[in-house]
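**Student:** I am attaching a structure below and will ask some questions about it afterwards.
The values are calculated or read from the model by the stated rules, or taken from the named source; none is laboratory data. This is a predicted model, so every value here is computed, not measured. Backbone-built Cβ (ideal geometry, glycine too); neighbour counts: all protein chains shown. What goes into the accessible areas is simple: the full protein's heavy atoms, side chains included, and nothing from ligands, DNA or RNA. Shrake-Rupley method; radii C 1.70, N 1.55, O 1.52, S 1.80 Å.
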Amino acid sequence: MSAEGRRAGGRWIEDWDPEDVRFWEGKGKRIARRNLVLSIASEHVGFSVWSMWSVLVLFMSPRIGLPFTPGEKFLLVVTPTLVGAVLRLPYSHAVTRFGGRNWTVFATTVLLVPACGAAYFTQRPGTPLWVFLLIGALGGVGGGNFASSMTNITAFFPQRHQGWALGLNAGGGNLGVAVVQLLGLLVIATAGDTHPSYVAAFYLPLIVAVALLAALRMDNLALVRGEKGALREALGVAHTWWISLLYIGTFGSFIGYGFAFGLVLQTQFGSSPLQAASYTFLGPLLGSLARPFGGRLADRWGGARVTAWTFTGTAAGTAGLLLASREGSFALFVAGFTVLFVLTGIGNGSTYKMIPAVFAERAGREVTGGGDATRAFARARRLSGAVIGIAGAVGALGGVAVNLAFRAAYGSEGGSGAPAFLAFLGFYALCVAVTWVVYLRPVRPGRPGRPGQSQPRPVRSGATRV
């Protein structure tokens, strides 16, 4: 590293080349890992605040003066999901404007606002729904942390390690969903189901601590600063939208199910808050832990192949949920949902691995055609960062769709989740078809190849296989 200095906005690294093996092994790896750890911590508390309402709605009942209907509770869950999805694109761009360290400090600190609001108003009987909708919308800022964090971490690691690094980063963040739900279970089991403010108050000191550590120990990378037009260019690339569609099926399912699972158990099986909280954390926990391994499998076998098998599995798991709903089997229902969480976690990692791989492969073709290697791969990194923001935003909107589908299915008296599950099953089938046609189908002679398919079958070795 030839220059690591300071600017007015904080510590900046001016020269960063993780693809240089000597640089990476000498000092790059240490710096990248330090930033990764703190990025995970920030994203983790962001996810926790974002998904907090999936827990708080379990407490809301006439007993604490908050007698909301199931439809109103699903609306409370949808609101932060929607805001978090919308914020992902500007959050991704913010890293390129202000720097990864600087934006992480801000994005973490601002979480104090919704956490304080939730801690205060959930203990105020008679608080109207619109107040909670506003606080839930403010909690959506935690969902934006994912996009800024992933855009930043992508630049720190060499392409050959990005599947694992992005999987760890996102998996650690996704764990926030499981942790806040486990915290809800702990509060219900020890203090009862009339103290939702304890859940929100727990995060106040954690937010402060993570923000301070990020300010003291993280770095800004000069190369992350976006070149004007990168986002616009990414919007015109077909792969941006194919991958975004796939990410709706993986992350959209994960976050949608994570937010709605407890309410679904209460609505379909009449579970008490304690019963619902006893199961809701397990799926997000296993799904979060599976995400890094989805990235690692994608590093080894290619993201498209792992993603295709993941969607095949989620389709089968959804069929199992339809059977469990028809038979009224609580055990089969919980087991089926847990399997879906694990598979969507794996798919999250493999789908995100496809982003840098697609653009690195495009850069390789450009270099083969006589283009300048430095410019080609620098452009690939900028486009990867832009697509990460776009796919993250579109994928999170899938979580909104999941919760709206559940709200429609369970909205009427005696409603069933079957219509929602049928819709999910059809979408997973579509994702399998898209993955096969766009990224896996063997290329016929005379046809232009798809990313990762310069040979008749996806390549198993090399840094840029999709």
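**Student:** Give me the number: length gained by fully extending Leu204 to Trp301, i.e. 0.36 nm times residue separation minus the C-alpha to C-alpha distance, one decimal in nm.
**Tutor:** Difference between extended and current length: 30.8 nm.
**Student:** Another one. So for segment 152-301, taking the charge dipole from beta-carbon charges (+1 Lys/Arg, -1 Asp/Glu), which of Ala200, Gln181, Pro158 sits furthest toward the positive end?
**Tutor:** Value computed over the given set: Pro158.
**Student:** Check the straight Cα-Cα distances from Lys29 and name the aspartates and glutamates below 12 Å, setting aside those fewer than 8 residues away within the same chain.
**Tutor:** Asp17, Glu19, Asp20
**Student:** Now for a different question. For Phe269 and Ala433, what is the calculated FRET efficiency with R₀ set at 30 Å and r taken between the beta-carbons, to the nearest 0.05? It would help to have the intermediate numbers written out before the result.
**Tutor:** Values: r = 33 Å, r/R0 = 1.12.
Calculated value: 0.35.
**Student:** Here's a follow-up. Rounded to the nearest 500, what is the chain's calculated 222 nm mean residue ellipticity when only DSSP H runs of at least 4 contribute -39500 (n - 2.57) each, over all residues?
**Tutor:** Counting only the DSSP helices, I get -24500 deg cm²/dmol.
**Student:** May I pose another question? Cβ neighbours within 10 Å, averaged per peptide: list 120-128, 275-283 in order, most packed at the top.
**Tutor:** The densest-packed peptide leads the list: 275-283, 120-128.
**Student:** Still on this structure, I have one more. Once label points are set 7 Å from the Cα along Cα→Cβ at both Ala319 and Glu19, what is their separation, rounded to one decimal in nm?
**Tutor:** The answer from the label model is 4.3 nm.
**Student:** Report the charge-dipole magnitude of the chain in Debye, nearest 20, computed about the Cα centre from +1 at each Lys and Arg Cβ and -1 at each Asp and Glu Cβ.
**Tutor:** In total the dipole reaches around 1200 debye.
**Student:** What residues qualify as long-range amide H neighbours of Asp219, i.e. H under 5 Å apart, gap of 5 or more or another chain, H built at 1.01 Å from N?
**Tutor:** For Asp219, the qualifying residues are Arg101.
**Student:** Using 0.36 nm per residue, how much length does the chain from Ala238 to Leu216 gain when fully extended, once their Cα-Cα distance is taken away?
**Tutor:** That works out to 3.9 nm of additional length.
**Student:** Please identify the DSSP H helices in the chain that span no less than 20 Å along the helix axis (Cα) and have a mean Kyte-Doolittle hydropathy of -1.0 or more.
**Tutor:** 29-50, 70-98, 141-156, 162-191, 197-217, 253-269, 282-301, 303-327, 330-368, 373-410, 418-435
**Student:** Here's another thing I want to ask about it. With every protein chain present, what accessible area does Ser416 have (1.4 Å probe, heavy atoms only), rounded to the nearest 10 Å²?
**Tutor:** Its accessible surface works out to 50 Å², give or take rounding.
**Student:** Packing-wise, with mean Cβ within 10 Å as the measure, how do 422-429, 333-340 rank, highest first?
**Tutor:** Peptide ranking by packing, descending: 333-340, 422-429.
**Student:** Can I ask one more? Each label point is 7 Å from the Cα along the Cα-to-Cβ direction; what then is the distance between the points at Glu327 and Leu186, in nm?
**Tutor:** 3.6 nm
**Student:** Sticking with this structure for a sec: Ranked from highest to lowest mean number of other Cβ atoms within 10 Å per residue, what is the order of the peptides 179-185, 16-22, 342-348?
**Tutor:** Details: 179-185: 23.9, 16-22: 15.3, 342-348: 30.0.
Per-residue Cβ counts within 10 Å, averaged per peptide and sorted highest first, yield 342-348, 179-185, 16-22.
**Student:** So how much slack lies between Arg124 and Asp372, counting 0.36 nm per residue of separation and subtracting their Cα-Cα distance, in nm?
**Tutor:** Between Arg124 and Asp372, full extension yields 83.0 nm more.
**Student:** Shifting gears a bit: Nearest 0.05, what FRET efficiency do Ala423 and Arg33 give at R0 = 41 Å with Cβ-Cβ as r?
**Tutor:** 0.50
**Student:** Considering the options Pro70, Gly426, Ala360, tell which one lies farthest towards the positive end of the dipole of the chain, charges being +1 on Lys and Arg and -1 on Asp and Glu at the Cβ, about the Cα centre.
**Tutor:** My answer, from the dipole projection, is Ala360.
**Student:** Now a separate question. Given an 8 Å cut-off on Cα distances and at least 6 residues of separation, report the relative contact order of the chain as a percent.
**Tutor:** Value for the chain: 22 percent.
**Student:** Follow-up. Pop out the carbon and sulfur fraction of the accessible area of the chain as a percent, whole number, probe 1.4 Å.
**Tutor:** Carbon with sulfur: 65 percent of the solvent-accessible area.
**Student:** Given that compact globular proteins tend to follow 2.2 N^0.38 Å, what is the ratio of the alpha-carbon Rg of segment 1-119 to that value?
**Tutor:** My calculation over the Cα atoms of segment 1-119 gives 1.47.
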